[in-house]
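The values are calculated or read from the model by the stated rules, or taken from the named source; none is laboratory data. Quick caveat, the model's predicted, so the values are computed rather than measured. Neighbour counts are summed over all protein chains in view; Cβ atoms, including those assigned to glycine, are modelled from backbone coordinates with ideal geometry.
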Amino acid sequence: SDHDLTYPSSPSEMDWSKHYPSFIATSDESTTTTETSHPKTTKQVTIADIGCGFGGLLFALAPRFPQDLILGLEIRTSVTEFVQDKIAALRKQAQLTSTTDSTPTLTNEGDATAPPSYQNISCLRANTMKFLPNFFPRSSLRKIFLCFPDPHFKARKHKARIVSTTLNSEYAYVLRPGGKIYTITDVEDLHNWMVEHLAAHESFERVGEEEVEGDVCVEVMRKETEEGKKVERNGGRKFVAVFRRLEDPPWP
Ligand code: SAM
């Protein structure tokens, strides 16, 4: 149940400093001028993993996207706590083992070039079907992952699926033009449902196969998610679809 969940009334009310303490801004680095009671961060969250489960994707993305703040959102309390504890432990371990300044130099996007500090990943307990735009400003995200979402097989349960006309409009609102939404599932019916609903949405176009196969995120999604590993062990199929957020048409 999610009745005990709280949500920020707007993205500016969200205190990201607790999630990304290495990115707390000094007063002259502050990204906004609005007065809030909490410390500000030098960066915004740009990658979101919806229903992150035990966080396999987050841990794999951390070294590959050191310039991004990456957030997993998960509804189950114990699972969220597990991911938070694991991040804290990995940060501590990284601090102990880092002997030099390991600020990564980026070559190609997705190339890991330095040992990860895990300062750029975090996990938040939330029901992502509610109030997503309260967490993220408009056009702030560049990637959204929907990895192995619960299939909700029965027709009367389809409204609980995390891809729907309404939710797609929320994803379109928080994604910037050119940003991508990544989907993967082992349930063919759910794959078809997600493709159908995203393709029908005016803000999205499907990304072609060549680009999909060349995208490091797709490889990570297939290999590093807990569900991806489980499906691999069981010899199941994995269906992938990627959609690009289009520019909004000019205002009439
Ligand atoms: N993405 C992970 C992976 O690929 O290994 C976990 C997949 S698991 C099948 C689906 C996850 O989504 C579960 O951990 C579940 O608790 C979470 N979830 C389901 N509905 C959710 C919601 N409305 N908001 C946030 N998380 C949700």
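Things worth noting here:
- Verdict on R245 being of a type in the set (K, R) and in contact with a Ser or Thr (Cβ under 9 Å, 6 or more places away or on another chain): yes
- Hey, E210 among the acidic types (D, E) and within 20 Å of D189 (Cα to Cα) or not: no
- Lone unmet requirement of (1) of a type outside the set (D, E); (2) within 24 Å of V218 (Cβ to Cβ); (3) at pLDDT 95 or above for T77: (2)
- Segment 51-86, residues that are more than 10 Å from the ligand (Cβ to nearest atom), under 22 Å from T6 (Cα atoms) and touching a Ser or Thr at 6+ places or on another chain (Cβ under 8 Å): L69, I70, L71, Q84
- Residue in segment 169-186 that is farthest from the chain's Cα centre (by Cα), counting only those that are surrounded by fewer than 21 Cβ atoms within 10 Å (Cβ to Cβ) and within 16 Å of the ligand (Cβ to nearest atom): D186
Matching residues to (1) in contact (Cβ under 8 Å) with a residue 24 or more places away in the chain; (2) surrounded by fewer than 15 Cβ atoms within 10 Å (Cβ to Cβ); (3) within 15 Å of the ligand (Cβ to nearest atom):
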position	(1), (2), (3)
P115	yes, yes, no
I121	yes, no, yes
L146	yes, no, yes
E188	yes, yes, no
H197	yes, no, no
H201	yes, no, no
E213	no, yes, no
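- Output for segment 153-177, where each listed residue is closer than 14 Å to W193 by Cβ, touching a residue at least 24 places away in the same chain (Cβ under 8 Å) and not hydrophobic (A, V, I, L, M, F, W, C): H158, R161, S164, T165, N168
- Each residue in segment 235-252 was checked for being assigned to a strand (DSSP E or B) and among the small types (G, A, S), and 1 pass.
- Condition check for E209: without any contact (Cβ under 8 Å) to a residue 24 or more places away in the chain, touching a helix residue (DSSP H, G or I) at 6+ places or on another chain (Cβ under 9 Å) and of a type outside the set (A, V, I, L, M): no
- Of everything in segment 62-101 that is among the acidic types (D, E) and part of a helix (DSSP H, G or I), the residue that is surrounded by the fewest Cβ atoms within 10 Å (Cβ to Cβ) is D85.
- Residue match in segment 217-234 (condition: more than 16 Å from the ligand (Cβ to nearest atom) and either hydrophobic (A, V, I, L, M, F, W, C) or part of a loop (DSSP other than H, G, I, E, B) (or both)): no
- Residue list for segment 235-245, filter: within 14 Å of the ligand (Cβ to nearest atom) and under 17 Å from Y182 (Cβ atoms): K238, F239, V240
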